[in-house]
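Here's the structure, in structure tokens; my notes come after.
The values are calculated or read from the model by the stated rules, or taken from the named source; none is laboratory data. Everything numeric here is computed off the predicted structure, so don't read it as measured data. Heads up, the Cβs are rebuilt from the backbone with ideal geometry, glycines too, and the neighbour counts pull from every protein chain shown.
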Amino acid sequence: MILRRPLPEEAGAFAALHVQCWREAYSAILPADLVATFSSTTRLPMWQAVIANAERFVLGAYVEGLPVGFVISGTTPEKHIENQDGHLWAIYILGAHKGKGIGRELVRLAHADWAGRGGKTMTVGVLAKNKAARDFYEKLGARLVREGIYEWGGNKLPDCIYIWNIKP
């Protein structure tokens, strides 16, 4: 496995990976009409912007030269809780590559990057029904600090906010 920042010309591959991971993670817990809207074409501009943004921490995980996962973190204008200073925007690993330590390493590196920038905390939002992700974050020491509603594609979905205290 190789971890590195994706190149601009890889934005399309990461948009497709993002959509595939969403389908794997959410098909059983989101309305089918919302899942049907997932498209690498609509994800592409986001990936182009993320890769071009030097302030955003983004790492891709590659196996045999192909992307199999990623993490995106950094600052956020959204303050989910008081004293929050960083946010884990997204972490996804293809199902066939879960359980191999990739996600754990991506989170560790996101935390190290944030601590290196002087960050003290990092939050992550997760759908309340996403038990696998919630278990993963809790196993990595995140603690639940808020429950609420996240609106996605016109659907109001119960969600949870977790926080890590980042140690330099």
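Can you find a residue that is among the β-branched types (V, I, T), over 24 Å from G148 (Cβ atoms) and surrounded by 15 or more Cβ atoms within 10 Å (Cβ to Cβ) anywhere in segment 96-106?
Yes.
Looking only at segment 76-90, filter to residues that are crowded, with 22+ Cβ neighbours inside 10 Å and of a type outside the set (G, A, S); which one of those is farthest from K139 (Cα to Cα)?
Among those that are crowded, with 22+ Cβ neighbours inside 10 Å and of a type outside the set (G, A, S), it is H87.
Out of all the residues in segment 44-86, which are more than 16 Å from the chain's Cα centre (by Cα), part of a loop (DSSP other than H, G, I, E, B) and β-branched (V, I, T)?
I81
Quick one: which of I72, I2 is of a type in the set (A, V, I, L, M), in contact with a Phe, Trp or Tyr (Cβ under 6 Å, 6 or more places away or on another chain), in contact (Cβ under 8 Å) with a residue 40 or more places away in the chain and within 19 Å of I102 (Cβ to Cβ)?
I2
If we scan segment 139-148, do we find a residue that is surrounded by 15 or more Cβ atoms within 10 Å (Cβ to Cβ) and among the small types (G, A, S)?
yes
Might you check whether a residue that is on the phi < 0 side of the Ramachandran plot, of a type outside the set (D, E, K, R) and within 12 Å of the chain's Cα centre (by Cα) occurs anywhere in segment 139-157?
no
As an exercise: evaluate G153 against (1) crowded, with 16+ Cβ neighbours inside 10 Å; (2) in contact with a helix residue (DSSP H, G or I) (Cβ under 9 Å, 6 or more places away or on another chain); (3) more than 15 Å from V58 (Cα to Cα) and give the number of the one condition it does not meet.
Looking at each condition in turn, G153 falls short on (1).
Can you tell me which residue among I102, I93 is in contact with a Cys (Cβ under 9 Å, 6 or more places away or on another chain), under 22 Å from L3 (Cα atoms) and among the β-branched types (V, I, T)?
I93
Within segment 56-75, is even one residue modelled with pLDDT under 95 and either crowded, with 18+ Cβ neighbours inside 10 Å or of a type in the set (S, T, N, Q) (or both)?
So far as segment 56-75 goes, yes, one or more of its residues are modelled with pLDDT under 95 and either crowded, with 18+ Cβ neighbours inside 10 Å or of a type in the set (S, T, N, Q) (or both).
Go through the residues of segment 94-106 one by one and say whether even a single one is within 27 Å of T42 (Cβ to Cβ) and over 15 Å from the mean Cα position of the chain (by Cα).
Within segment 94-106, one or more residues are within 27 Å of T42 (Cβ to Cβ) and over 15 Å from the mean Cα position of the chain (by Cα).
Output the residues belonging to segment 125-161 that are without any contact (Cβ under 8 Å) to a residue 40 or more places away in the chain and in a strand (DSSP E or B).
Within segment 125-161, V126, R143, L144, E147, G148, I149, Y150, E151, K156, P158, D159, C160 qualify.
Name the pairs: first residue in segment 98-118 and without any contact (Cβ under 8 Å) to a residue 60 or more places away in the chain, second residue among the charged types (D, E, K, R) and in a loop (DSSP other than H, G, I, E, B), Cβ to Cβ under 7 Å, at least 6 apart or on different chains?
A115/K167
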